[in-house]
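Reviewing the structure listed below.
The values are calculated or read from the model by the stated rules, or taken from the named source; none is laboratory data. As the structure is a prediction and not an experimental result, all values here were calculated from the model. So basically every Cβ, Gly included, is an ideal-geometry build from the backbone, and we count neighbours across all protein chains shown.
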Amino acid sequence: MAELSEQKEQELGDIKSARQSSNGLWFGVIILLIIIGLAGAGFYFFSQLRDQQQDLGGEVKGEMSKQIADYQSQLVAIQSQLASLESSVAGKDNHFTQTLADFSQLHNEKLETTRKELNESIIRLQRQLGKTRGDWLIADAEYLLSVANERLHLVGDVNTSREALEAADQRLRESGDAATFKVREEIAKELSLLKSISVPDVVGIYASIQTLQDRVDKLALLLPYTGKTLASPADSKKFPLPTENQGLLNSAISQLQDAVVIRHSEHEVKEILTPEEALFIREQLRVKLEMVKISLVQRNEVLFQSSLADVKKWTEQNFTKNTDDSFLADLERLNITKISSQLPDISLSLKMIKDIATLRVETDKAIQPLDAMVTVKKPMAVESSKPVETLIPTEAVEPSK
């Protein structure tokens with residue numbers, strides 16, 4: 001029994017050990033399968049990862065190539081901008097160089113012009129310093145002759161023109177230049193022409209017109225107007241009244257003398273002027289007289305006569321005849337007054353003195369035969385004890401300056 005139990009236990013142990021060995025085998029197989037599965041899964045994942053890496057590397061390469069292409073295009077754009085900038089800088093440099101060259105040329109031209117003007121001024125100054133006193137006197141006479149022409153033809157100042165001509169003749173006489181003899185002869189003719197001119201008294205005529213303007217307020221208007229200050233009637237004392245009525249009458253007259261006046265008028269009174277209209281009539285007359293003064297100052301004979309006619313017509317239309325007879329008489333005297341005269345031409349002497357060099361040449365040509373004649377006849381003059389030089393004017397034989 002014991003052996004059977006041991007045998008059974010041994011068999012049970014063998015069965016357990018066999019089971020355990022089979023279980024271990026299956027466990028190892030399972031583990032091996034798991035390892036193989038894991039290895040396959042790892043290989044699969046590794047291949048997937050490698051594919052993903054390859055795909056990612058392609059994308060990165062594509063992105064990198066795109067970025068590189070973009071960078072290359074940007075570099076090309078930058079290079080083109082740099083090229084345009086370089087061309088612009090080169091153009092500006094050329095422009096600045098050309099501008100500087102033009103400015104330098106202009107500056108040189110201005111310097112050359114200034115140098116020429118300075119040289120001309122120096123030469124002119126040397127000529128001025130080299131002039132003699134006679135040359136200065138002739139230049140002064142030329143200026144006086146130009147002043148005489150300007151004052152005569154621009155202003156109509158005959159007196160100043162005559163004085164300028166006389167002063168110019170005095171300068172030419174003091175110069176002692178024989179070439180100025182013809183100029184002095186022409187100045188003498190022009191002085192005789194100026195002395196024959198009757199010069200109107202412009203100042204006196206202007207004062208007369210001003211006096212007429214001052215008398216405008218004293219003229220009586222043809223039509224009555226309101227607001228006029230009247231004097232007390234002088235006829236109130238011609239007829240004496242009783243003493244008891246005198247005070248009452250005087251008080252009544254004093255109340256009515258500023259309101260009522262009786263005046264005889266030859267014209268029909270169609271309206272009564274307002275103070276503004278009366279003032280306008282007087283001011284209009286002053287304005288017309290002012291036009292007369294302006295035409296007098298301008299020496300406009302036609303405007304002067306027409307303005308006086310306008311003043312006379314306005315006076316006759318708006319003022320009474322019994323109080324402005326002297327006013328109209330003064331207008332008539334002004335109407336027959338001549339304010340302008342025919343001015344002669346005195347420019348020939350100025351033209352001659354400006355061409356003094358030609359006159360000097362002509363004078364030298366005229367003096368040379370006289371000098372030869374004096375030299376030939378000098379011995380005969382000694383025998384006759386009468387110098388031939390005294391027969392020749394001093395100004396004719398004096399050499400030119």
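What number of residues within the stretch 170-201 satisfy the criterion of being without any contact (Cβ under 8 Å) to a residue 40 or more places away in the chain, assigned to a loop (DSSP other than H, G, I, E, B) and small (Gly, Ala, Ser)? Residues that pass the stated criteria total 1. Inspect all residues belonging to the stretch 135-154 and state whether any of them is in a helix (DSSP H, G or I), loosely packed, with under 10 Cβ neighbours inside 10 Å, in the same structural domain as Glu186 (by TED's automatic domain parsing) and within 36 Å of the chain's Cα centre (by Cα). Looking for residues that are in a helix (DSSP H, G or I), loosely packed, with under 10 Cβ neighbours inside 10 Å, in the same structural domain as Glu186 (by TED's automatic domain parsing) and within 36 Å of the chain's Cα centre (by Cα), one finds at least one in the stretch 135-154, hence yes.
What do you reckon, is Ile353 assigned by TED's automatic domain parsing to the domain that holds Gly156, modelled with pLDDT of 80 or more and surrounded by 12 or more Cβ atoms within 10 Å (Cβ to Cβ)?
Yes: the conditions hold for Ile353.
When the stretch 202-225 is examined, which residues are found to be assigned to a helix (DSSP H, G or I) and among the small types (Gly, Ala, Ser)? Gly204, Ala207, Ser208 - these are the residues of the stretch 202-225 that are assigned to a helix (DSSP H, G or I) and among the small types (Gly, Ala, Ser). Of Asp214, Asp201, Asp177, all but one fail to be at pLDDT 85 or above, farther than 15 Å from Arg162 by Cβ and acidic (Asp, Glu); the exception is Asp214. Residues that are surrounded by fewer than 23 Cβ atoms within 10 Å (Cβ to Cβ), assigned to a helix (DSSP H, G or I) and without any contact (Cβ under 8 Å) to a residue 24 or more places away in the chain within the stretch 155-164 comprise Val155, Thr160, Glu163, listed in sequence order. Number of residues in the stretch 150-164 that are at pLDDT 90 or above and in contact with a Leu (Cβ under 7 Å, 6 or more places away or on another chain): the value is 1. Annotation: of all residues in the stretch 290-314 being of a type in the set (Asp, Glu) and under 21 Å from Asp214 (Cβ atoms), the one that is nearest to the chain's Cα centre (by Cα) is Glu290. Inspect all residues belonging to the stretch 320-332 and state whether any of them is at pLDDT 85 or above and either closer than 14 Å to Leu221 by Cα or small (Gly, Ala, Ser) (or both). No.
Of Ala167, Ala77, all but one fail to be without any contact (Cβ under 8 Å) to a residue 12 or more places away in the chain, surrounded by fewer than 18 Cβ atoms within 10 Å (Cβ to Cβ) and either outside the structural domain of Glu301 (by TED's automatic domain parsing) or not in a helix (DSSP H, G or I) (or both); the exception is Ala77. Considering the conditions (1) out of contact with any Ser or Thr (no Cβ under 7 Å at 6 or more places or on another chain); (2) modelled with pLDDT under 85, Phe280 is excluded by exactly one of them, (2).
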